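What follows is calculated from the coordinates using simple rules that are stated; it is not laboratory data. Note that the coordinates shown come from a computational prediction; the quantities given were computed from them, not determined experimentally. For neighbour counting, all protein chains shown are included, and Cβ atoms are generated from backbone atoms with ideal geometry for every residue, glycine included.
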Amino acid sequence: MYDPVLAALRRGAADDALVLARELIDTRPDDVFARRLLAHAQRLAGDDAAALATLDAALEAAPEEADLHL
């Protein structure tokens, strides 16, 4: 489920990673890890503001997720 997004991120394929992460979120909207992957893809694409907004939204939705605080 996460492997295609992770593979695209490892390849540095920001556009692919963005599409795959968004598709993953569409199927798993409450998945915090999927939102972290989207933030990584956004950062890789050079959109730091979107990445921060994605992480902020994920943190608001799941404040108990310790990884989001790092």
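Observations, loosely collected:
- The label-point distance for His69 and Asp48, in a model that sets each label 7 Å from Cα toward Cβ, rounds to 2.5 nm.
- When the GluC sites (Glu not before Pro) in the chain are filtered for DSSP coil states and for at most 10 other beta-carbon atoms within 10 Å of their beta-carbon, the remaining sites are Glu64.
- Helix 32-44 vs. the chain, principal-axis angle (Cα, 0 to 90°, nearest 10): 50 degrees
- Across the options Ala51, Ala8, Phe33, the greatest Cα extent toward the positive end of the charge dipole of the chain (unit charges at beta carbon of Lys, Arg, Asp, Glu) belongs to Ala8.
- In degrees, nearest ten, helix 48-61 long axis to first principal axis of the chain (Cα): 40 degrees
- Pairwise Cα distances in the range 12-70 exceed 18 Å for 27 percent of all pairs.
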